[in-house]
Amino acid sequence: MADKKDGLTYAQAGVDIEAGNEMVNRIKPLVRSTRRPGADGEIGGFGGLFDLKAAGFSDPVLVAANDGVGTKLKVAIEAGVHDTVGIDLVAMCVNDLIVQGAEPLFFLDYFATGKLDPDQGAAIISGIARGCLQAGCALIGGETAEMPGMYRDGDYDLAGFAVGAAERGALLPTGTLSEGDVLLGLASSGVHSNGYSLVRRIVEMGGLGYDAPAPFDASITLGAALLEPTRIYVKSLLATIRKTGAIQALAHITGGGFPDNLPRVLPEGLAAEIDLDAIKPPAVFSWLARTGSVAPEEMLRTFNCGIGMVAVVSSAETDRVSSMLEAQGESVIRLGRLITRADGAAKVNYTGTLAL
């Protein structure tokens, strides 16, 4: 075959294999830091391994979830801050596992970009590793895809995949929910990872850059405030579930807010009644509502408004569960109760006024 010295290379087409290898070497210590019983392998193989028996399960049911970070990534890219969105990625997956009573076991990521920057990539993976540590799950693998022409240089997208397990018969909801059960709200850390298309539109309306002081907190930039990572509730809820056995259902308050997420765990014939006076929304939500002239009903359907997770417990167990969650570091409020739902009636009802 003739020697074509001037032939094209993959790197000239925009894909740098050496940059990918460099990033893998840089993230190996981050991946090792997330090891847990059941996961002791190294990344770099064709698949990640997990030993359920070594993790202590006898008759497990596997629970899987996947999610992304959405257009919050655009805020990270424009602000030049990449080491926190990985926490969001993990959070959006593992919080969906714990609501079913499952312990997150392992996590895999998909990172796609137009041109691979090992510094940027390592920062993103560092956040994923921190999220896995917060959730107690192992980062056992992932995929990095450099796709010139698909993304502009500097742009990227993330997807996450988490698998957890619960012993057979221990899944939530329990099927014992009834009228009078109490709704406990667990405080969010901020906007979390939903509604950022609206957030970004409001930032544009406000005429602010992400490096400007936050209008609601001059001690930090607007970008830092909006990039506050999604709270991971796994360890506090797992400990409370196992110690008290009193949590009957959990709802992760993501896109759709209370009206879309609470009904997912409620049986026919029951509805949620929420006391809006009990909620103290963080200042960021008041700013979003005022600057964008967003109606309270729209705020409740788009954002968590300060409550990132809701637990359903019997009235007799309310104080015990609240105390246990607070001892685990959660801020807990008595959010409302379950009521009988008439045919055709709303599944989520409100009393009081949201203090925006």
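Check off (1) part of a strand (DSSP E or B); (2) open to solvent by less than 10 Å² (accessible area, probe 1.4 Å) for residue 110 and give me the number that stays unchecked.
(2)
Within the range 43-67, take every residue that is surrounded by 12 or more Cβ atoms within 10 Å (Cβ to Cβ) and in contact with a helix residue (DSSP H, G or I) (Cβ under 9 Å, 6 or more places away or on another chain) and give me the one that is modelled with the lowest pLDDT.
Applying the filter and picking the extreme gives 43.
For the range 197-283, which fully contained helices (runs of 4 or more DSSP H) count at least 2 residues that are open to solvent by 30 Å² or more (accessible area, probe 1.4 Å)?
234-244, 257-261
List, please: which pairs have Cβ atoms under 7 Å, are six or more places apart or on different chains, and start with a residue in the range 262-290 that is closer than 16 Å to residue 356 by Cα and among the aromatic types (Phe, Trp, Tyr) and end with one that is open to solvent by less than 30 Å² (accessible area, probe 1.4 Å) and not in a loop (DSSP other than H, G, I, E, B)?
Matching pairs, first to second residue: 285/299.
Please go through the range 69-107 and give me each residue that is open to solvent by less than 10 Å² (accessible area, probe 1.4 Å), farther than 30 Å from residue 312 by Cβ and among the β-branched types (Val, Ile, Thr), ordered by number.
Those that are open to solvent by less than 10 Å² (accessible area, probe 1.4 Å), farther than 30 Å from residue 312 by Cβ and among the β-branched types (Val, Ile, Thr): 75, 85.
What is the number of the single condition among (1) free of Cβ contacts under 8 Å to residues at least 40 places away in the same chain; (2) more than 25 Å from residue 225 (Cβ to Cβ) that residue 120 does not meet?
That leaves (2) as the condition not met.
Going by what's in this entry, would residue 178 be described as under 17 Å from residue 253 (Cβ atoms), open to solvent by 20 Å² or more (accessible area, probe 1.4 Å) and in a loop (DSSP other than H, G, I, E, B)?
no
Scan the range 285-340 for residues that are under 20 Å from residue 189 (Cα atoms), out of contact with any His (no Cβ under 9 Å at 6 or more places or on another chain) and not in a helix (DSSP H, G or I) and jot them down.
305, 306, 307, 311, 328, 329, 330, 331, 332, 333, 334, 335, listed by residue number.
Conditions tested, residue by residue: (1) over 23 Å from residue 330 (Cβ atoms); (2) aliphatic (A, V, I, L, M); (3) touching a residue at least 60 places away in the same chain (Cβ under 8 Å).
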| position | (1), (2), (3) |
| --- | --- |
| 210 | yes, no, yes |
| 230 | no, no, yes |
| 236 | no, no, yes |
| 250 | no, yes, yes |
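Only one of (1) open to solvent by 30 Å² or more (accessible area, probe 1.4 Å); (2) part of a strand (DSSP E or B) is not met by residue 186, so which one is it?
(1)
Can you tell me how many residues in the range 53-66 are more than 23 Å from residue 89 (Cα to Cα) and in contact with a Leu (Cβ under 8 Å, 6 or more places away or on another chain)? Spell out how you get there, then give the answer.
Of the residues in the range 53-66, the ones more than 23 Å from residue 89 (Cα to Cα) are 53-61.
From what's left, in contact with a Leu (Cβ under 8 Å, 6 or more places away or on another chain): 55, 60-61.
The total comes to 3.
What tally of residues in the range 130-139 results from selecting those that are on the phi < 0 side of the Ramachandran plot and surrounded by fewer than 24 Cβ atoms within 10 Å (Cβ to Cβ)? Write out each step before concluding.
Let us first name the residues in the range 130-139 that are on the phi < 0 side of the Ramachandran plot, namely 130-135, 137-139.
Of the ones still in play, those that are also surrounded by fewer than 24 Cβ atoms within 10 Å (Cβ to Cβ) are 130, 133-134.
Total satisfying the criteria: 3.
Can you confirm whether residue 341 is over 24 Å from the mean Cα position of the chain (by Cα), open to solvent by 60 Å² or more (accessible area, probe 1.4 Å) and not aliphatic (A, V, I, L, M)? If you could, list the steps in order and put the result at the bottom.
Values: over 24 Å from the mean Cα position of the chain (by Cα): yes; open to solvent by 60 Å² or more (accessible area, probe 1.4 Å): no; not aliphatic (A, V, I, L, M): yes.
No, not satisfied.
The values are calculated or read from the model by the stated rules, or taken from the named source; none is laboratory data. Remember, it's a predicted structure, so these values are computed and weren't measured experimentally. When we count neighbours, we look across all protein chains shown, and the Cβ atoms used for this are built from the backbone with ideal geometry, even at glycine. For the accessible areas, the whole protein counts, side chains as well, though only heavy atoms, and no ligand, DNA or RNA atoms are used. Shrake-Rupley method; radii C 1.70, N 1.55, O 1.52, S 1.80 Å.
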